[in-house]
Amino acid sequence: MGKRKRPPQQREDRRGQGQERQLLPQKKHYRQRAHANPFSDHSLDYPHTPDAVDWAVHFPASPGPPEFADVGCGFGGLLIALAPLFPDLRILGLEIRVQVSQYVQDRIAALRVTPDAATHYQNISIVRANAMKFLPNYFAKHSLSGIFFLFPDPHFKQRKHKARIISPTLLAEYAYALRPGGIVYTITDVRDLHEWMKSHLEAFPLFEAVSEDELRAEGKGPVVDAVYTSTEEGKKVERNAGEKWLACFRRIEVAREE
Ligand SMILES: C[S@@+](CC[C@H](N)C(=O)[O-])C[C@H]1O[C@@H](n2cnc3c(N)ncnc32)[C@H](O)[C@@H]1O
């Protein structure tokens, strides 16, 4: 059977989609090692305090500090999923790997000029940063209502556990940046890492466990769904039919004794 010609409108639509695809960066041009050492001295520029950050560069439509932080955001799937769901909420990703953070920056820039979506994606941004060292340089006390650790590097070997992104010292920093009521979202496909994150969070006096059902009842279902499915690692786990372990905690308020 001979090829049928597409009607002109369909041809036009396909051409438009092709142009959009051309604008979006391709991962193959941003090759990078699988892991970066969080202890090595990267030549990173970082602000001395959160006040020193020019948020207008990151969030041009509504400059101001972010409310959500995606720590180790990888290729930015969570940022991009949440941006249109919460257009009034500023979200910052932190990523240590140069090429990966550049990819996310280029991806957001492209999305911002994509026809029909020009009003979206103004509320998400990324910094190349080592979150283990510089998190308080970006987030003021009690400024965040959500902090995300999605499929963090597992650092399987015992001697590498100190590189894990959840540890008692780092939890103190996360508790500082989160406002009372704010939520820590963690998810992983590594059972041992799940137990590690959960037990450290349970042992920390400023956090209490919050169930998935409670979060959904509070209207945070779309966030929980994005935590499960939006990121590149989460999608990979699905393709491999792996299990995902979610653990969420609420930052509690401690009444000061007079
Ligand atoms: C396994 S990937 C997961 C990425 C993403 N959250 C996802 O679910 O697809 C972990 C990411 O955390 C980044 N990372 C590891 N340590 C970090 C640190 N100290 N600061 C910032 N990013 C870090 C890694 O470069 C990597 O991109």
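Read-outs throughout are calculated quantities, based only on the coordinates presented, and are distinct from any laboratory measurement. Bear in mind that the values here come from a model prediction, so they are computed numbers and not experimental data. Positions of Cβ are generated from backbone atoms using ideal geometry, with glycine treated the same way; all protein chains shown enter the neighbour counts.
Would you mind ranking 165, 183, 252 so that the residue whose beta carbon has the fewest other beta carbons within 10 Å leads the list? List each step's numbers first, then the result.
Details: 165 19, 183 22, 252 13.
If I rank by nearby Cβ atoms, fewest first, I get 252, 165, 183.
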Ranked list, fewest to most other Cβ atoms within 10 Å of each Cβ, for 101, 211: 211, 101
Two-decimal ratio, the chain, of alpha-carbon radius of gyration to 2.2 N^0.38 Å: 1.09
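Any idea what the relative contact order of the chain is, in percent, if you count C-alpha pairs under 8 Å spaced at least 6 apart? Can you show the working numbers first?
Numbers: 413 pairs, mean separation 49.0, N = 258.
About 19 percent, as a whole number.
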Under 11 Å, Cβ to Cβ, from residue 182 - net charge with Lys/Arg +1 and Asp/Glu -1: +1
Net dipole in debye of the range 185-258 [+1 Lys, Arg Cβ; -1 Asp, Glu Cβ; about Cα centre; nearest 20]: 280 debye
Packing-based exposure ordering (other Cβ within 10 Å, fewest first) of 248, 73: 248, 73
